[in-house]
Amino acid sequence: MEKTGAVLIVGAGVSGMQAGLDLAESGFKVYIVERTPTIGGRMAQLDKTFPTNDCSMCILSPKMVETAKHPNIELLVNSEVQKIEGEAGNFEVTIKRYPRYISEEKCNGCGLCAEVCPVKVPNEFDSGVGARKAIYVPFPQTVPLIYTVDREHCIDCGLCKIVCEANAIEHEMQESETAVNVGAIIVSTGYDLFDAGALEEYGHGRYENVLSNLQFERMLSASGPTGGHVMRPSDGAEPKKAAFIQCVGSRDVRHHPYCSQVCCMASTKEAILASEHAPGLKATIYYMDIRAFGKGFQEYVNRSKSDYGINYLRARPSEITEEKDTKNLIICYDDTQTGELKRDEVDMVILASALKPSLGSEKLAKILGIDTNTNGYFSARAEEMPFDTIKPGIFITGACTGPKDIPDSVGQASGAAAKVESFLAKAKGTLAAEKKEVPEKELQEEPRVGVFVCSCGLNIASVVDVKSATEYAKTLPGVVHAENTIYACSDDTQEHLKDLIKEHDLNRVVIASCTPRTHEPLFRETCREAGLNPYLFEMANIREHCSWVHTKEPEAATKKAKDLLRMAVARASHLKPQKTRIFDADQSATVIGGGIAGMTAAAEIAKQGFKVDLIEREAELGGTAREMNSIFISGKVPESVVAPLIEEVEKNKNINVHLGAKAIKLDGFTGNFELTIQKNGTDSTNKTGAIVVATGSTELKPEGKYLYKQNENVLTQSELETGLKQSKFDFESAVMIQCVGARDEERPSCSRVCCTEAIKNAINLKRLKPEGSVFVLYRDMMTFGGFEEYYKMAQEEYGVKFIRYLQERPPEIKEEDGKLKVTVYDSVFGKNLEIIADKVILSTPQISPEGTGELQKVLKVPRTADGFFMEAHAKLRPLDFTSDGIFLAGACQGPKDLTSVIAQALGAASRVCSLLSSGFIEAEAITAVVDEELCIACGRCTEVCPFAAIDIITSDLGEEKARVNEALCKGCGTCASVCPNAAITPRHFEKSQVIAMIDGLLEGMKDGT
Amino acid sequence: MEREPNIVVFACNWCSYAGADLAGVSRIQYPPTVRLIRVMCSGRFDPDFALRAFAKGADGVLVMGCHPGDCHYVEGNLKAEVKVNMTAKLLDAVGIDPERFRLEWVSAGEGSRFASIVKEFTLTLKKLGPSPLLATPNVQKSSIAEREQVETGGS
């Protein structure tokens, strides 16, 4: 039986949406089932995201819009999976559709009904802090923007029915069922939050000024219940002193034994934001370990201390009580530095609630026939198969498999999509819809510019006077309409924008909001849908380049915003419509790096029927994992994973392995790269459609530290692994020292994996020799997520001793009588401890391997300050580089455990296959063009063109002229600035367009704006 | 209030504009003196752009591109360097201190570098005072402006 080319996704958070988009783009029909009335999930509730303080709504909105608009995606909100029948490849899924008592076809989201509805109830979306009506949308940017009646609270007054002009209200609507046929299912139901009220000692629910972190998050949000004002619920006063309490319900055997992984950084973020919202606020974070393990996390924590004065206090409060008169809160805690019992009075407390499996996970697991683990999360088949369940054809992704942050969830989603794509490879495209073409309207002579000034919640509006900027825009030449909008990128604004283009007959659109590097594609698409050529659109970046960098100078920022608007409008009037170019894509990929990440990506891409070249620098495949003693914290040996993968790669006819080879030159562009590979001194050039970089990481060798290389008994973790693997390692007393060369001034980042590596190896040592002693000297144990349980196991079952040291008093090591003596200041007991050890193991950070810089220059992709490759966007595009057609996976982006490496590799494979599957590439329209009237064939453009895209030809009139080969031209514009006769012009960056901006800016300044 | 200099920046799309974005995302504060004009590559920089900007009253002009070796268009940034050097001589000839005009390399990962360049350049311009073309709206300025009009066809 043939498989069905459709996929069901359960849960429409960022993970579900990303999986859906990848699959829809690859040519599958996608149904997304969501229990609530809107897509967006948890991320929609957040104000900002760590560690960049990127506005959550702004990075989510474009994905929500894209999901809602995609012709291959069908949304089934207010729905739940009821039953499945059939088998992998051909499931029939019955979906229960809860009545929303409003016709989805008729409702236009005008909101009149909610205005007149007399019933107010606490809004679940605001975690009860704000109120909604009995007829409602959860939040203003809800997608799809359709109202819902909450029948439980509706009093049947009928007012809504009276005002609804669309006649959409159907109070008699019934629950219904619908069935869909799909080949595979992805579960991405995310997480719920632990009810902080269950910890009675903290008084959530009893004391007004004790909030959960989600409630506080809603309070920070500009579109939330307090409009972004931080205030005490008891009296509306701005707090002067706030406490954030970590691990509420997490790392707690009474509730959830695991670490919730995201709360340390979430609280850091909330404390920073609170300090911004309420200047002068003193914020303290009460923590057990600060788990700042991800890319840029430790730097974020450092900045919160240095720039915002956030205080971190290592303590787990035992109780919170309320002062009756002031409603202030008294926090009782043991000071772990001094052992004293202390009290602190604050006027607001925020509890970092644990993440827990979302409600109904057990039931869903039963319906689908998949497993959950002891903590109630869906469980994967094996550590090396993070998306597979025990049931073929059903996959899991995102936080429903365990706590996860946004980039991990987004990256994982692409990975799960890859699994589905290869599973249903033959059915691809069988049920996909055709993209609708909208006829472009004729362009009149006179520019008619429409301007939108985005508030971006409070991101822009809290600094720039957006009203005044909007009024100013109305005065600019050519502007026929200007308005202010809270979020320019939300779905309803896109619809509104399309209406306005028609209503005002706009032929140019300017949006003053954020950076075009993330949002231009969305707005261009909206213009296209309204029949306006997408190149008649221009952005003014008044967020990244203005409100965020001139926070304390609102007047100057407003003036700058007006200048930027004036420049954008001036340029817009000179813009011309452009046509994008369609090229055939080479349906093959190249993977650089033959470790687990590279092999996984190569195998997955090959499974989907594409040819892959796999390049490995070393003489054999396997990467660093091959050298290891065990590759997962559970103790699995590498042979069980690496060997089968090597075999799969070597046997696959679609994969061509190049050992001892490296990439030395890259030409061409996405879909049509030409990559030169050097092997044994000879170069060969291959055509390839896409490139995956998976070059991994390597361990830092701590020369000069702790007698390393001076005493043979001082080793690194990987050297210990080698010793264990070769059964050459013996010990009586082993000491492991964490953070050697990490989290210091030279290398501020946490290396993410060393704590779990240390625990894995400590357990292995104790298994090897139960009577031996193992000490781990650490600063903060970074055993995030489920690793926490191994941390506990190491202490309780294996008797590994953990001693916390302070950064300012690192351990010292001496050689005495052939033994090593390690002295460590124990901050809990306040004294020095001496440990006589025969082996000392240093946990050093992962760094980017040799040759990374060389590869960077070949591929022209960026790296961050710590040397790792830099993704296009930390949240939105964790697997892409900014250059189209080049992707990254695994530890070359930053240190990673193997499960994450595999997840990312599968994700990158999915990104590649989405790109290659159509067989063509739509390339930018920006190329150079020659005005043959003006060209004197001097040849200067041909000399400077880096791509040999310009030739001197003989024209039809028999004259010598320069001509651009558009397939080769990349539109840099270097030719134009050397042309002595202004005969060659890069489209969209014409001289007149640049000059218009210069003049617009500087001439306007004279007017004293 | 002290007069703030106004600086026109030509920044390449891939590195320097992205570096400025990163400064924003990281909330690194810098003086509100710069206005960026995005071009695909610093190689697009045309001496006329700088002349025009000074003629219209800019106090300073910055050209920003990827570090040598990082250019998305192979070596557009090096081509920019040649043109920048030439332009500096031209500016000197018409009485504009070459210190008012410079080329800087800023990568996509260098938000803080972007901010410190702006800070430092702003200070330099404050020391130099307003552009001489602003102070003496006479022969020099109009001659440059006229030349511009001819070159750009009055656009």
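Side notes on the structure shown:
- Qualifying positions in region B:21-57 - more than 7 Å from every other protein chain (Cβ to nearest Cβ), hydrophobic (A, V, I, L, M, F, W, C) and more than 21 Å from residue B:99 (Cβ to Cβ): B:22
- Taking region A:485-517 as the range and being crowded, with 22+ Cβ neighbours inside 10 Å, more than 14 Å from every other protein chain (Cβ to nearest Cβ) and part of a loop (DSSP other than H, G, I, E, B) as the test, the residues that pass are A:487, A:488, A:489, A:490, A:506, A:507.
- Members of region A:976-1003 found to be part of a helix (DSSP H, G or I) and at the interface with chain B (Cβ under 7 Å from one of its Cβ atoms), listed by number: A:991, A:992, A:994, A:995, A:997, A:998, A:999, A:1001, A:1002, A:1003
- Complete set of residues in region A:945-962 that are open to solvent by less than 30 Å² (accessible area, probe 1.4 Å) and part of a strand (DSSP E or B): A:950, A:961, A:962
- Residue count for region A:854-882 satisfying the condition of being more than 7 Å from every other protein chain (Cβ to nearest Cβ), over 16 Å from the mean Cα position of the chain (by Cα) and not aliphatic (A, V, I, L, M): 5.
- Helices (runs of 4 or more DSSP H) lying entirely in region A:1-118 (those with 2 or more residues that are at pLDDT below 95, surrounded by fewer than 20 Cβ atoms within 10 Å (Cβ to Cβ) and hydrophobic (A, V, I, L, M, F, W, C)): A:112-116
So that you can scan it fast, the table gives a plain yes or no per residue for (1) at pLDDT 95 or above; (2) within 30 Å of residue A:920 (Cα to Cα):
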site	(1), (2)
A:693	yes, yes
A:696	yes, no
A:715	yes, no
A:721	no, no
A:746	no, no
A:758	yes, no
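- For region A:465-484, a tally of residues being surrounded by fewer than 19 Cβ atoms within 10 Å (Cβ to Cβ) and of a type in the set (A, V, I, L, M) returns 1.
- Looking across region A:273-291, the residues that are over 18 Å from residue A:316 (Cβ atoms) and either at pLDDT 95 or above or touching a strand residue (DSSP E or B) at 6+ places or on another chain (Cβ under 7 Å) (or both) come down to A:273, A:274, A:275, A:281, A:282.
- From A:773, A:751, residue being among the small types (Gly, Ala, Ser), in contact with a strand residue (DSSP E or B) (Cβ under 8 Å, 6 or more places away or on another chain) and open to solvent by 30 Å² or more (accessible area, probe 1.4 Å): A:773
- Only residues that are open to solvent by less than 40 Å² (accessible area, probe 1.4 Å) and either in contact with a helix residue (DSSP H, G or I) (Cβ under 8 Å, 6 or more places away or on another chain) or without any contact (Cβ under 8 Å) to a residue 12 or more places away in the chain (or both) were counted across region A:669-720, and they come to 14.
- Residue within region A:963-971 that is open to solvent by 10 Å² or more (accessible area, probe 1.4 Å), more than 7 Å from chain B (Cβ to nearest Cβ) and over 22 Å from residue A:582 (Cα atoms) present: no
- Some residue of region B:83-92 being at the interface with another protein chain (Cβ under 9 Å from one of its Cβ atoms), among the hydrophobic types (A, V, I, L, M, F, W, C) and open to solvent by less than 10 Å² (accessible area, probe 1.4 Å): no
- For region A:518-552, the set of residues classified as of a type in the set (Lys, Arg), touching a residue at least 12 places away in the same chain (Cβ under 8 Å) and facing chain B (nearest Cβ under 9 Å) consists of A:543 only.
- Take the conditions (1) surrounded by 22 or more Cβ atoms within 10 Å (Cβ to Cβ); (2) within 12 Å of chain A (Cβ to nearest Cβ); (3) closer than 21 Å to residue A:990 by Cα; residue B:75 misses just one of them, which is (1).
- Subset tally (residues that are within 28 Å of residue A:917 (Cα to Cα) and not aromatic (Phe, Trp, Tyr)) for region A:852-897: 29
- Identity of the residue in region A:883-914, assigned to a loop (DSSP other than H, G, I, E, B) and within 24 Å of residue A:971 (Cβ to Cβ), that ends up nearest to the other protein chains (Cβ to nearest Cβ): A:883
- Here residue A:156 fulfils each of the conditions (1) free of Cβ contacts under 8 Å to residues at least 40 places away in the same chain; (2) over 27 Å from residue A:205 (Cβ atoms); (3) under 36 Å from the mean Cα position of the chain (by Cα) apart from (3).
- Which numbered condition residue A:308 fails, given (1) aromatic (Phe, Trp, Tyr); (2) over 29 Å from residue A:786 (Cβ atoms); (3) not in a loop (DSSP other than H, G, I, E, B): (3)
- Scope region A:493-514; condition under 20 Å from residue A:543 (Cα atoms) and among the β-branched types (Val, Ile, Thr); matching residues: A:493, A:509, A:510, A:511
- Residue within region A:359-371 that is touching a Leu at 6+ places or on another chain (Cβ under 9 Å) and either among the hydroxyl-bearing types (Ser, Thr, Tyr) or not in a loop (DSSP other than H, G, I, E, B) (or both) present: no
- Residues of region B:1-33 that are among the hydroxyl-bearing types (Ser, Thr, Tyr) and either under 15 Å from the mean Cα position of the chain (by Cα) or open to solvent by less than 20 Å² (accessible area, probe 1.4 Å) (or both): B:16, B:17, B:30, B:33.
- Those residues of region A:407-421 which are open to solvent by less than 30 Å² (accessible area, probe 1.4 Å) and out of contact with any strand residue (DSSP E or B) (no Cβ under 6 Å at 6 or more places or on another chain), in sequence order: A:409, A:410, A:411, A:412, A:413, A:414, A:415, A:417, A:418, A:421
- Pairs are defined by a Cβ separation below 9 Å, a sequence spacing of at least 6 or placement on different chains, a first member in region A:422-441 that is open to solvent by 70 Å² or more (accessible area, probe 1.4 Å), and a second member that is of a type in the set (Phe, Trp, Tyr); the pairs so defined are A:430/A:28; A:431/A:28.
- Restricting attention to region A:400-415, the residues being touching a Ser or Thr at 6+ places or on another chain (Cβ under 6 Å) and assigned to a loop (DSSP other than H, G, I, E, B) number 1.
- A count restricted to region B:105-150 and to residues that are modelled with pLDDT of 80 or more and charged (D, E, K, R) stands at 6.
- For region A:128-147, the candidate set comprises residues that are assigned to a loop (DSSP other than H, G, I, E, B) and hydroxyl-bearing (Ser, Thr, Tyr); within that set, the residue that is surrounded by the fewest Cβ atoms within 10 Å (Cβ to Cβ) is A:142.
The values are calculated or read from the model by the stated rules, or taken from the named source; none is laboratory data. Quick caveat, the model's predicted, so the values are computed rather than measured. Heads up, the Cβs are rebuilt from the backbone with ideal geometry, glycines too, and the neighbour counts pull from every protein chain shown. Remember, those area values only see protein heavy atoms, side chains included, never the ligands or the DNA or RNA. Shrake-Rupley method; radii C 1.70, N 1.55, O 1.52, S 1.80 Å.
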